[in-house]
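A.B. asks: To start, I am sharing the structure in question, which I have written as structure tokens.
The values are calculated or read from the model by the stated rules, or taken from the named source; none is laboratory data. Just so we're clear, the structure is a prediction, and the values are computed from it rather than from any experiment. With ideal geometry, Cβ positions are generated from the backbone for all residues, glycine too; neighbour counts draw on all protein chains shown. For the accessible areas, the whole protein counts, side chains as well, though only heavy atoms, and no ligand, DNA or RNA atoms are used. Shrake-Rupley method; radii C 1.70, N 1.55, O 1.52, S 1.80 Å.
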Amino acid sequence: GITTGYNPAYQNLEYPGGDVSRSTGVCTDVVIRAFRDAFDLDIQKEIHEDMSENFPEYPSLWGLSRPDRNIDHRRVPNLQTWMKRRGWELPVSRDPADYEPGDLVTCTVPPNLPHIMIVSDRNSPDGTPLIIHNIGAGVLEENRLFEFPHTGHFRIVELDSRTAAE
């Protein structure tokens, strides 16, 4: 009921701790806010620092020559890379039992839009975990875990000491 809109527009953000208005955002903003609220972890800062030190390790889909702290953390491929670099990647599966509350799932919404979803702690009547995401109508909890082809499955196993101290 807070994030009721969808707005993918580029915005200049404060740093660290920048965010677009909580009333709007995209799928990545749902994840960014969840990390801040659950772990007091600033994904904007984490990704910007990692990209500053390891820029060639990140996708070069946007033609940038250096990191951009306003948008990098709001791009699904960058989140995927950052989570893989932390060892949080799990095998992609079509078995509902493989997904736990808090897991992050990346997928492709046809024709080629990267998307990220958070696995809910609630299930559909058939036992499939619900997901929490913003796919265009604000943040919703829905039974759409297997609707789109998965490109990644991630679980936070631990936060490193540098991250946990922040």
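A.B. asks: Please compute, over every Cα-Cα pair in the range 16-166, the percentage with a separation greater than 27 angstrom.
C.D. replies: Summing the P(r) of the range 16-166 above 27 Å gives 19 percent of all pairs.
A.B. asks: Further question: Kindly rank 142-153, 27-38 from highest to lowest mean number of other beta carbons found within 10 Å of each residue.
C.D. replies: Put in order of decreasing packing, that is 27-38, 142-153.
A.B. asks: How much of the accessible area of the chain, probe 1.4 Å, is carbon plus sulfur, in whole percent?
C.D. replies: 50
A.B. asks: Turning to a different aspect of this structure: Can you give me the relative contact order of the range 19-166 as a percent, contacts being Cα pairs under 8 Å and 6 or more apart?
C.D. replies: Worked out over the range 19-166, it gives 24 percent.
A.B. asks: Take Ile156, project a point 7 Å from its Cα along the Cβ direction, then tell me which residues of the range 15-42 have their backbone nitrogen under 14 Å from it.
C.D. replies: It comes to 30-42, nothing else.
A.B. asks: Treat each spin label as a single point 7 Å out from the Cα along the C-beta direction, and report the Thr108 to Glu141 distance in nm.
C.D. replies: Result: 3.1 nm between the two label points.
A.B. asks: Given a 1.4 angstrom probe, what's the average accessible area per residue across the chain, in square angstrom?
C.D. replies: On a per-residue basis, the chain sits at 51 Å².
A.B. asks: How tilted is helix 27-39 with respect to the longest principal axis of the chain? Cα atoms for both, answer in degrees (0 to 90, nearest 10).
C.D. replies: 80
A.B. asks: Calculate how steeply helix 76-85 sits against the longest principal axis of the alpha-carbon atoms of the chain, using the helix alpha-carbon long axis, and give the answer as 0 to 90 degrees to the nearest 10.
C.D. replies: 80
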